[in-house]
Structure formats: structure tokens, C-alpha cells
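The values are calculated or read from the model by the stated rules, or taken from the named source; none is laboratory data. Not measured: the values here are computed from a predicted model. Cβ sites come from the backbone with ideal geometry, for glycine too, and all protein chains shown count toward neighbours. Protein only, heavy atoms only, side chains kept; ligands, DNA and RNA dropped before computing areas. Shrake-Rupley method; radii C 1.70, N 1.55, O 1.52, S 1.80 Å.
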Amino acid sequence: MSNEYLYIKVDKDSMSENKVVYLEDIAKLYSTDTDMVNVLKKQVILAIKDNDATKYVFSILKIIEMIHSIYPEVQVVNLGETDFILQYQPPNKEKKILKYLKIIMVSLIIFFGSAFAIMTFNTDVSVDEVFNKIYELIMGSKKEGGTILEISYSIGIPIGIIVFYNHFSKVKLSNDPTPLKVQMRVYEEELDKTLIANASREDKIIDVD
């Protein structure tokens, strides 16, 4: 067993809906000793007492300590994070009607908010005056009423938004993540770093005993 290696990989952020969290819920394990891996996967990492959504910050040293308490001679090779976050999220019991109402409210806010933002932008940069100048330069006379410029602009805005965000309903133009997903991922990473840093300063990281 002294020459046995155990490779472990833990992501920075894991989520569980169960109050009893096992090692297999947060980590990927590999070793040529499959029996050892199967035993370790079923080891309890945390028994959650809180009923509300909670985040726990762990050190990989706590996991290594637990492994060595069962297999003292195994050599653990960490391929993942040194500090990571475990999120406990209680099962969602929210009623469907309330869920749909929230979706409708958010959709309305986004729709009217976007429309207002576009209108104020157009007013701020005087898009109407720009179209008047373009029409006058090309046609040699002042425009009256709507023209192909306004129609093209109105059609181009939603098309541009769909292309930029690479998403319309369930249809995707490519497999690349949307800019919104990228920004959300950046936000999540910065949030995780802040949580880990705060837990370290306040000495709240679940570490070796």
C-alpha cells in the first residue's frame, strides 16, 4: 500500500441538495486500487444541520486527513483546488405558479428596460438627425416620414442582439458560450475567490483538526 497512489480532483465550487455529503459528491478519485476508491467514495465529508442554503469553505487538507485516517500509507496526489466551496441548496419546493409569475415579471422588466435603454441611447446620440443627414446626402432632399433607414435599423437591432448573444429560445447559432454565460462565469469565479479569502481571514475554512 505504501507505493499506492490516489489521484483526487475537486472543483472550486460544488453543490449538494442532500444534507449528508459524501466524498464522491465533491471529488473525482482514481487509483489502481479500485476497492480503496469505492470505500473512499462513500465516506461522509459533512453532515449539514442547517435547513437554509449555506456555503462551506473547505481545505483539501481536510480531505487528505480523512483519507489518511483510513489508508495511512496511500500517497494522495491533488490535481484540483487547494480550497473549495461546498454549497448546500435545499430541494426547491417553490410552487409552479409562483415560478411562472417570477419568469413573467423578469421578462417584462428586461423587455421594457431594454426598450427604454435603446430609446434613450438613440436620443442621446441623435440617431434621427444622423438618418436625416444620410438621407439628404444620398437623395438630395429632406426625408418625410419613415424610410428604409429606420426600417433596416429596427430590424437590425433584434438580429444583432440574437447574433451577439448566440441564443434565441432553444436555438443556438454555435456551441460557443454566450457573452452572458461568460460574464456569469467570471462573476462566479470572483465570488468564489472572495468567499475563500474571507473565510481564510476569519479562520472559517474547514481544515485539519
Residue within region 50-69 that is at pLDDT 90 or above, farther than 28 Å from residue 193 by Cβ and touching a helix residue (DSSP H, G or I) at 6+ places or on another chain (Cβ under 9 Å) present:
no
Among the residues of region 111-145, write down those that are over 22 Å from residue 162 (Cβ atoms), open to solvent by less than 60 Å² (accessible area, probe 1.4 Å) and of a type outside the set (Ser, Thr, Tyr).
131, 132, 143, 145
Residues of region 63-110 satisfying the condition of being open to solvent by 60 Å² or more (accessible area, probe 1.4 Å), closer than 17 Å to residue 28 by Cα and aliphatic (A, V, I, L, M)
79
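Quick check: is even one residue across region 54-61 in a loop (DSSP other than H, G, I, E, B) and either touching a residue at least 12 places away in the same chain (Cβ under 8 Å) or surrounded by 11 or more Cβ atoms within 10 Å (Cβ to Cβ) (or both)? Show your work before the answer.
Start the filter on region 54-61 by keeping residues that are in a loop (DSSP other than H, G, I, E, B), which leaves none.
Within region 54-61 (the criterion being in a loop (DSSP other than H, G, I, E, B) and either touching a residue at least 12 places away in the same chain (Cβ under 8 Å) or surrounded by 11 or more Cβ atoms within 10 Å (Cβ to Cβ) (or both)), the answer is no, since none of the residues qualifies.
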Looking only at region 150-167, decide whether some residue is under 30 Å from residue 8 (Cα atoms), modelled with pLDDT under 85, surrounded by 10 or more Cβ atoms within 10 Å (Cβ to Cβ) and within 25 Å of the chain's Cα centre (by Cα).
no
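Could you say which residue among 65, 136, 129 is under 28 Å from residue 36 (Cβ atoms) and part of a helix (DSSP H, G or I)? Spell out the reasoning first.
Values: 136 fails: under 28 Å from residue 36 (Cβ atoms); 129 fails: under 28 Å from residue 36 (Cβ atoms).
Sole residue among the options that is under 28 Å from residue 36 (Cβ atoms) and part of a helix (DSSP H, G or I): 65.
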Of the residues in region 1-43, how many are of a type in the set (Gly, Ala, Ser), assigned to a loop (DSSP other than H, G, I, E, B) and in contact (Cβ under 8 Å) with a residue 60 or more places away in the chain?
1
State the number of residues belonging to region 1-50 that are among the polar types (S, T, N, Q), open to solvent by 60 Å² or more (accessible area, probe 1.4 Å) and under 19 Å from residue 206 (Cα atoms).
1
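Consider residue 72 carefully, then state whether it is assigned to a loop (DSSP other than H, G, I, E, B) and at pLDDT 90 or above.
Values: assigned to a loop (DSSP other than H, G, I, E, B): yes; at pLDDT 90 or above: yes.
Criteria met by residue 72.
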